[in-house]
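First up is the structure itself, then whatever we jot down about it.
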Amino acid sequence: MKLKFEIFSVVLMAALMAACALPRRVGPNGGPNDGLGGGPRGEVAAGPSAGAGRPSALLAAAREQQAKEGCAKAAPAYRIVASYGEGYEIAQYELGACLMQMTGAGDPETMLFRQEGVFWLSRAAWAGDARAQGRLAEALSGAQGYAASHLGPDPEAALMWSLVYTANGSRDVYGLRPLPSLVTEHIASVLSADAEERARQKAVQFTRVTMEAFVAPAMPQTARGGRDSGSGRPPGGGGDRPPRRQLETAS
């Protein structure tokens, strides 16, 4: 009887230790997932290694890396999180903002950074991110001190984004100020009446467009439970290939 009690005590202690070791869940913005709107993927909290399967932890790591080493080092991690799509517009904006200030090895690479920056800012802006909308208005305006280098001005698009930005109610949430007068005055001075009318119509017709959220595809399983590499053989090219010793004997 005493032996049974000791065995039960050991099993109970092991179960309690395992329960305590379970990872904490976090939501898409890094907060705890308490069942009140946490992350859709039930991500594990940031640990010593932030992988692509844990976008919130990877976003936190990218921000930390940006603070310590700059945008160029953080951009690869930002790209992974931004590609998760809907729900990660904040990463799309932060990546785009980084790319708008990064300098490449030469003019061609810097120009590519700007084009990619406009892409990610546009993704976030179309999804409704006010900061991305304001940043695009400035970058595309052509106004001195605000326009992005290595990027041709597009004042019509700049006016459209400035109007969408001004009408965005989430500006109050972030405490965002109106666009600088130098930007709005420059846009007004270079736009024709027809271009201004087109921009205003586009702003009135603005409707949110989000990037489809990433969902990991199901991996096919082999008969033995391993992942199928496509040829029916284990990873590494095993299967019917004879052992190395057999090959050496045959030669």
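The values are calculated or read from the model by the stated rules, or taken from the named source; none is laboratory data. Since we're looking at a predicted model, the values are computed, not measured. Here the Cβ positions follow ideal geometry from the backbone for every residue, glycine too, while neighbour counts run over all protein chains shown.
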Just to verify a result, which residue in the range 71-121, among those that are out of contact with any Leu (no Cβ under 9 Å at 6 or more places or on another chain), under 20 Å from residue 57 (Cβ atoms) and touching a residue at least 12 places away in the same chain (Cβ under 8 Å), is surrounded by the fewest Cβ atoms within 10 Å (Cβ to Cβ)? 86
Close pairs (7 angstrom Cβ cut-off, 6 or more residues apart or separate chains): without any contact (Cβ under 8 Å) to a residue 12 or more places away in the chain in the range 196-221, in a loop (DSSP other than H, G, I, E, B) anywhere: 220/228; 221/228
Could you list, in sequence order, all residues of the range 168-183 that are under 11 Å from residue 134 (Cα atoms), surrounded by 13 or more Cβ atoms within 10 Å (Cβ to Cβ) and more than 25 Å from the chain's Cα centre (by Cα)? 179, 180, 183
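A quick yes/no check of all residues on (1) of a type in the set (A, V, I, L, M); (2) more than 27 Å from residue 213 (Cα to Cα); (3) modelled with pLDDT of 95 or more:
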site	(1), (2), (3)
92	no, no, yes
109	no, yes, yes
114	no, no, yes
117	no, no, yes
124	yes, no, yes
141	no, yes, yes
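Is one or more of the residues making up the range 158-168 touching a His at 6+ places or on another chain (Cβ under 6 Å), part of a loop (DSSP other than H, G, I, E, B) and farther than 19 Å from residue 62 by Cβ? Walk me through it before giving the result.
Initially, the range 158-168 is screened for residues touching a His at 6+ places or on another chain (Cβ under 6 Å), giving none.
No, that holds for no residue.
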Restricted to the range 200-222, and to residues that are surrounded by 11 or more Cβ atoms within 10 Å (Cβ to Cβ), assigned to a loop (DSSP other than H, G, I, E, B) and of a type in the set (A, V, I, L, M), which residue is farthest from the chain's Cα centre (by Cα)? 209
Considering every residue within the range 104-120, establish whether at least one is part of a loop (DSSP other than H, G, I, E, B) and either within 28 Å of residue 188 (Cβ to Cβ) or charged (D, E, K, R) (or both). no
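Name the residue, out of 158, 218, 193, 188, that is more than 19 Å from residue 89 (Cβ to Cβ), aliphatic (A, V, I, L, M) and at pLDDT below 95.
Details: 158 fails: at pLDDT below 95; 193 fails: at pLDDT below 95; 188 fails: at pLDDT below 95.
Just a single option satisfies the conditions, and that option is 218.
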By residue number, the members of the range 51-70 that are surrounded by 19 or more Cβ atoms within 10 Å (Cβ to Cβ) and not in a helix (DSSP H, G or I) are 54
